[in-house]
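S.K.: Following this message is one structure expressed as structure tokens.
Please treat every number below as a calculation from the coordinates, not as lab data. Quick caveat: nothing in here was measured; it's all calculated off a predicted structure. Methodologically, a virtual Cβ is constructed for each residue, glycine included, from the backbone with ideal geometry; neighbour enumeration extends over all protein chains shown.
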Amino acid sequence: MNIQVFGTKKSFDTKKAQRYFKERRVKFQLIDLKEKGMSKGELESVCRAVGGIDKLVDPKAKDADLVALLAYLSPDQKFDKVLENQHVVAEPVVRNGKQATVGYAPDVWGSWE
């Protein structure tokens, strides 16, 4: 398994995801979205795995104006906006190869082991 956890250090769900993998002694890589973010290819892969860009956007994100704007954009425009503004992505995004989840999903992660 090659687990990647995308999130921020202050996110409680990201911390819970890290704890989940540490308790099971599963190696993972934490990528801080504030420092690095996802590449275009990573974001495309996650979108395919979770069922589209709309599943990645956190409706309760602090940037409510951007979240509202995303509702009116085409899928390609949404993708570009989210790629530029990854602070509206729901956390954590956990990726294992071509599989991915958004949010805290230990039931799905358990099936990966």
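S.K.: On full extension of the chain, what length is gained from Asp76 through Ala64, given 0.36 nm per residue of separation minus the C-alpha to C-alpha distance? Could the numbers behind the result be given before it?
M.R.: Working: separation 12, 0.36 × 12 = 4.32 nm, distance 2.00 nm.
Value of the extension gain: 2.3 nm.
S.K.: Which lysines, if any, have their Cα less than 17 Å from the Cα of Lys40, not counting same-chain residues under 8 positions apart?
M.R.: Lys55, Lys78, Lys81, Lys98
S.K.: Give me the distance in nm between label points sitting 7 Å out from Cα along the Cα-to-Cβ direction at Val26 and Glu44, one decimal.
M.R.: Result: 2.7 nm between the two label points.
S.K.: Suppose every K and R has +1 on its Cβ and every D and E has -1 on its Cβ; what is the size of the dipole of the stretch 46-112 about the Cα centre, in Debye to the nearest 20? List each step's numbers first, then the result.
M.R.: Numbers: 8 positive and 9 negative charges, 44 e Å.
The calculated dipole for the stretch 46-112 is roughly 220 debye.
S.K.: Something else about it: From the Cα gyration tensor of the chain, with a ≥ b ≥ c the square roots of its eigenvalues, which class applies: rounded if a/c is under 1.5, or else prolate if a/b is larger than b/c, or else oblate? Mind dumping the intermediate values first?
M.R.: On the way: a/c = 2.05, a/b = 1.66, b/c = 1.24.
Judged from the Cα gyration tensor, the chain comes out prolate (a/c at least 1.5, a/b above b/c).
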